[in-house]
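For reference, the structure discussed in these notes is given below.
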Amino acid sequence: MQPKYLKRWLLVLSVTIAWSMSWSTAWSHGGVAIEIDTCRIPVAGHWVHFTAYTPMTSADTEYCSEIPDVGFTNVVFDYESKALRKMTVEFEITKEPEGTRIFHQDPTTMKAGTFNIPIDFTPHGPGDYLAHVTLINEGTKVDAHSAFKVGTGGSGIGSINTSTYLMVGAAALVAIYLFWPGLRQKVQRKKTGKTTV
């Protein structure tokens, strides 16, 4: 590949990475494409946001699909629809694949729109879990659930944050290559096989 085309290709790559990062942030923080947020549980046309915090090990970092540590965890269900506050909802956490119930909240009306559950996963160990949300309204019962893993390891960085850091790192490498002439010349010399005396 000729140097001028390589430079154009790298510029396109850096713009693509920057664009991907902006959309990733929008998805995780209420942007236009929030429908693909994996932390949201659809229940009969309404949305419940599922979040987990491990305050002893990772402060206020948010998790939903993977919780790195087995231990004390604050599991939070937030209603995104005000209509849910008038409905009866039941919450449950089960260990899979056995379906063993480790937490259950009887059907209740949550006028505040937030339900916070302190759970210690230590006795149940690492593995697969399901967060169940059951909506009971006008004689109809609709169950929805979201799968998550506990005890996946890691350094306390959420999965969304990790992908963001990787994209930032890739963009930084591209920027260094584009704006550091000495490095660019070395790479081009290696490609062409030319050496300087």
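The values are calculated or read from the model by the stated rules, or taken from the named source; none is laboratory data. Everything numeric here is computed off the predicted structure, so don't read it as measured data. Heads up, the Cβs are rebuilt from the backbone with ideal geometry, glycines too, and the neighbour counts pull from every protein chain shown.
Name the single residue that is farthest from Thr134 (Cα to Cα) among those in segment 88-103 being surrounded by fewer than 19 Cβ atoms within 10 Å (Cβ to Cβ) and of a type in the set (A, V, I, L, M, F, W, C).
Ile102
Might you let me know whether segment 144-165 holds any residue that is loosely packed, with under 14 Cβ neighbours inside 10 Å and modelled with pLDDT of 80 or more?
yes
Would segment 42-50 turn up any residue that is surrounded by 14 or more Cβ atoms within 10 Å (Cβ to Cβ), under 18 Å from Thr152 (Cα atoms) and touching a helix residue (DSSP H, G or I) at 6+ places or on another chain (Cβ under 6 Å)?
Taking every residue of segment 42-50 in turn, none turns out to be surrounded by 14 or more Cβ atoms within 10 Å (Cβ to Cβ), under 18 Å from Thr152 (Cα atoms) and touching a helix residue (DSSP H, G or I) at 6+ places or on another chain (Cβ under 6 Å).
Please pick out the residue among Val89, Val70 that is in the same structural domain as Ile136 (by TED's automatic domain parsing) and not in a strand (DSSP E or B).
Val70 is the lone residue from the list that is in the same structural domain as Ile136 (by TED's automatic domain parsing) and not in a strand (DSSP E or B).
Pull up segment 71-83, narrow it to residues that are surrounded by fewer than 20 Cβ atoms within 10 Å (Cβ to Cβ) and not charged (D, E, K, R), then point me to the one that is nearest to the chain's Cα centre (by Cα).
Here the residue is Val76.
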